[in-house]
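Trainee: Would you mind keeping the following structure in view while I ask a few things?
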Amino acid sequence: MEDEKFQIAKEDLEDLEIYIKEFSDFLPLAVCSVNPVGVIINVNKATEDLTSYASLELVGEPMSTIFLDKNKVEEIEKEIANKGSIHGRELILITKDKKEIPMSVSASIRRDREGSYIGYFMGLTNITELKKFQEGLEEKVKERTKELEDSKKSLITTLDEVKEAKGNAEEEKNKTLSIITNFTDGLLVFDKEGKLSLINPQAEIFLNVKSKDVIEKSIVDLKTISFFESIIKIFNDGTESAAKQELFFGKNLILDASTVSIVRREKKIGTLIILHNITREKAIERMKSDFVSLTAHQLRTPLAGIKWALKLLLKGDFGEITEEQKKFAEEMSQSTEKMISLIGNLLDITKIEEGRYLFEKVSSDMEQVILSAISLYKEEIKNKKLKIKFQKPKNVVKVKIDAEKIKLAVDNLLDNAIKYTNSGGKLELELSCGIKEVEFKIKDSGLGIPKSQQERVFSKFFRGENIMKVQTEGTGLGLFITKNIIEAHGGKIWFDSKEGKGTTFYFTLPI
Amino acid sequence: MTKKILIIEDDEFLRNLMVRRLVKEGFEVVEASNGKTGLEKSKTENPDLILLDLILPGIDGSEVLVKIKKDPATAPIPVIIITNLDQKENNKKTSDLAVDYLIKAQLDPVEITERIKKVLQP
């Protein structure tokens with residue numbers, strides 16, 4: 001019975017031993033059993049694979065044989081004996097073919113029934129991949145760190161640049177603002193809704209308002225403030241393009257107001273009104289006009305004296321004169337007439353510049369005005385054998401004009417046409433009537449205006465170079481005055497001309 | 001019968017030339033060098049015609065004209081304005097008086113004398 005029991009127990013034990021052997025060989029973890037003096041007593045299949053040693057080559061050898069750092073192995077063994085276990089220590093394994101493999105080592109103490117230390121089990125895990133991964137990771141981290149540092153650097157640089165740009169922008173803004181604030185012209189900015197978005201101190205002074213009372217207010221609200229009335233008028237008048245207008249604020253302040261559309265990316269985003277103080281310029285202009293006017297008037301009386309005296313001299317009131325004396329007296333007479341007409345023109349100019357050239361506009365018959373101008377030149381037209389044609393509409397053309405001035409304008413144009421057309425030439429006059437305006441056209445077959453000088457035709461004292469050679473008479477004021485007359489009526493004047501072929505002047509007057 | 005002309009003109013040279021011409025044409029001439037004297041003489045001298053300069057020191061020519069035309073005693077006397085001005089303000093001032101005998105002129109003595117003769121024609 002006892003034998004049988006023993007036999008069964010022995011078989012069981014053998015089965016268990018086989019089981020353990022199979023199990024330990026199956027384990028992918030390399031496991032070694034070590035005795036208390038550090039000698040390997042058993043290794044599994046995974047250990048053989050890992051170390052390339054055969055089981056028999058390892059059993060009986062000290063554990064430190066397969067590790068690079070022998071001392072560390074001894075330390076670990078002491079630690080196992082003291083603490084009972086260790087986990088995850090890193091050691092470098094040396095294989096049979098001298099390869100070094102990083103290992104993670106864990107161990108657990110073995111005791112017998114009495115609790116005496118009988119050695120330990122040690123498990124070895126190849127951590128090459130992990131190491132590689134770790135190293136790769138570290139490298140990556142390093143790389144990333146470097147990259148991060150680089151981007152940090154560039155960020156800092158960018159930040160600095162942004163700071164600088166911001167600084168510059170602020171400085172620019174401050175500059176602009178201080179320019180606006182200290183500008184000697186008044187500035188007003190209206191946004192696209194017509195609200196006042198900016199008013200500079202000078203404009204406050206001009207308009208006698210405080211910024212806080214008017215800012216952000218709409219045109220409708222601002223209308224009630226007295227000085228704003230005229231501003232609003234020009235705002236409504238001239239929003240489309242740059243427009244200039246003179247504003248009178250009592251006697252002591254005359255402003256020149258320019259209205260400019262503020263356009264960004266082809267869209268109108270507001271309106272800028274610039275107020276320029278021209279009080280002083282106006283005063284000087286007036287003084288100049290007054291001076292010229294006074295001088296001209298003063299010159300007229302003595303000139304009239306000379307004219308009269310010459311006339312009487314020629315008439316024989318002072319006794320008989322010789323043919324030669326008569327000839328000179330006649331030339332003196334002509335020069336005097338020229339001076340008188342020059343003074344007349346100077347006076348006209350001062351009057352134009354004073355803006356009080358036009359008197360009452362009365363509904364007048366344009367045809368009559370033109371005919372009366374033509375009648376003044378009958379003699380000259382006859383003398384020069386000019387062919388003159390006047391084409392006019394069937395109906396009477398009535399226009400509200402200062403007839404005297406329009407006659408002067410026609411007169412000036414006719415005078416030029418006759419003066420600068422050679423004998424036997426042609427003059428064609430035409431009056432036509434549209435819905436909103438009448439047009440007058442005078443075409444001659446005269447000398448024409450050189451292309452290079454056409455721009456200056458309407459300026460004061462302009463005389464064509466080509467006509468100066470043939471005609472010394474003329475003041476160069478006629479067309480200047482004519483243009484002013486036409487424009488004072490709200491009309492337009494223009495011309496086309498070809499040197500040697502002739503000139504056509506046109507003007508229109510609103511009905 | 002010799003016609004009497006009153007000439008009111010402040011410029012001595014112009015006045016002398018005019019007088020010379022008129023005398024030569026057989027008129028009797030009375031002179032005044034300012035508006036005040038001119039107005040006085042228009043009443044005391046009984047002229048047949050007055051030649052009046054518009055710009056005068058003291059009382060202005062247009063004012064003299066207004067006074068002459070407002071005074072029934074002098075109103076019928078024809079007045080010829082002598083002016084070197086073509087300023088419409090002045091002309092307007094005088095034309096507002098709508099005087100038939102008023103002749104505006106910017107003429108020389110010979111032409112003025114012709115006008116005088118025409119105005120004085122019976």
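Trainee: Scan the helices (runs of 4 or more DSSP H) fully inside the range A:295-412 and keep the ones with 3 or more residues being within 55 Å of the chain's Cα centre (by Cα).
Mentor: A:323-353, A:366-375
Trainee: Could you list, in sequence order, all residues of the range A:186-210 that are free of Cβ contacts under 8 Å to residues at least 40 places away in the same chain, of a type in the set (A, V, I, L, M, F, W, C) and part of a strand (DSSP E or B)?
Mentor: A:LEU196, A:LEU198, A:ILE199 - these are the residues of the range A:186-210 that are free of Cβ contacts under 8 Å to residues at least 40 places away in the same chain, of a type in the set (A, V, I, L, M, F, W, C) and part of a strand (DSSP E or B).
Trainee: Is the range A:287-298 home to any residue that is within 13 Å of chain B (Cβ to nearest Cβ) and closer than 28 Å to B:VAL23 by Cβ?
Mentor: no
Trainee: Here's another thing I want to ask about it. I'd like to verify a number: residues in the range A:1-23 that are basic (Lys, Arg) and either touching a residue at least 40 places away in the same chain (Cβ under 8 Å) or more than 28 Å from A:ALA46 (Cβ to Cβ) (or both), how many?
Mentor: Qualifying residue count, the range A:1-23: 2.
Trainee: Follow-up question, since we're still on this one. Name the residues in the range A:403-456 that are within 14 Å of another protein chain (Cβ to nearest Cβ) and over 21 Å from A:ILE467 (Cβ atoms), would you?
Mentor: Within the range A:403-456, A:ALA403, A:GLU404, A:LYS405, A:ILE406, A:LYS407 qualify.
Trainee: State all residues of the range A:361-402 that are among the aliphatic types (A, V, I, L, M) and surrounded by fewer than 20 Cβ atoms within 10 Å (Cβ to Cβ); if no residue qualifies, say none.
Mentor: A:VAL362, A:LEU371, A:ILE374, A:LEU376, A:ILE381, A:ILE388, A:VAL396
Trainee: Is it the case that A:LYS451 is surrounded by fewer than 18 Cβ atoms within 10 Å (Cβ to Cβ) and either touching a residue at least 12 places away in the same chain (Cβ under 8 Å) or within 30 Å of A:THR336 (Cβ to Cβ) (or both)?
Mentor: Yes: the conditions hold for A:LYS451.
Trainee: Identify, from the list A:ASP49, A:ASP97, the residue that is assigned to a loop (DSSP other than H, G, I, E, B) and within 25 Å of A:LYS132 (Cβ to Cβ).
Mentor: That would be A:ASP97, the only listed residue that is assigned to a loop (DSSP other than H, G, I, E, B) and within 25 Å of A:LYS132 (Cβ to Cβ).
Trainee: Residue by residue through the range B:63-103, note down the ones that are outside any loop (DSSP other than H, G, I, E, B), within 13 Å of chain A (Cβ to nearest Cβ) and at pLDDT below 65.
Mentor: Scanning the range B:63-103 gives B:LYS88, B:GLU89, B:ASN90, B:ASN91, B:LYS92, B:LYS93, B:SER95.
Trainee: If a residue has to be within 22 Å of B:LYS69 (Cβ to Cβ), surrounded by 19 or more Cβ atoms within 10 Å (Cβ to Cβ), at pLDDT 90 or above and within 14 Å of chain A (Cβ to nearest Cβ) to count, how many in the range B:19-57 make the cut?
Mentor: Total meeting the criteria: 1.
Trainee: Tell me which residues, restricted to the range B:1-15, are more than 9 Å from chain A (Cβ to nearest Cβ) and either of a type in the set (D, E, K, R) or not in a loop (DSSP other than H, G, I, E, B) (or both).
Mentor: Hits for the range B:1-15 are B:LYS3, B:LYS4, B:ILE5, B:LEU6, B:ILE7, B:ILE8, B:GLU9, B:GLU12, B:ARG15.
Trainee: Then there is this: Restricting to the range A:308-348, count the residues that are closer than 18 Å to B:LYS24 by Cα and either among the hydrophobic types (A, V, I, L, M, F, W, C) or facing another protein chain (nearest Cβ under 8 Å) (or both).
Mentor: Here the count works out to 11.
Trainee: Go through the residues of the range A:351-366 one by one and say whether even a single one is among the β-branched types (Val, Ile, Thr), in contact with a strand residue (DSSP E or B) (Cβ under 8 Å, 6 or more places away or on another chain) and within 13 Å of another protein chain (Cβ to nearest Cβ).
Mentor: yes
Trainee: What residue, of A:SER85, A:SER116, is free of Cβ contacts under 8 Å to residues at least 40 places away in the same chain, surrounded by 11 or more Cβ atoms within 10 Å (Cβ to Cβ) and closer than 30 Å to A:SER33 by Cβ?
Mentor: Result of the check over A:SER85, A:SER116: A:SER85.
Trainee: Please determine whether any residue of the range A:300-307 is surrounded by 16 or more Cβ atoms within 10 Å (Cβ to Cβ), within 14 Å of another protein chain (Cβ to nearest Cβ) and under 30 Å from A:SER423 (Cβ atoms).
Mentor: Looking for residues that are surrounded by 16 or more Cβ atoms within 10 Å (Cβ to Cβ), within 14 Å of another protein chain (Cβ to nearest Cβ) and under 30 Å from A:SER423 (Cβ atoms), one finds at least one in the range A:300-307, hence yes.
The values are calculated or read from the model by the stated rules, or taken from the named source; none is laboratory data. This is a predicted model, so every value here is computed, not measured. Quick reminder, even Gly has a Cβ in these numbers, built from the backbone with ideal geometry, and neighbours come from all protein chains shown.
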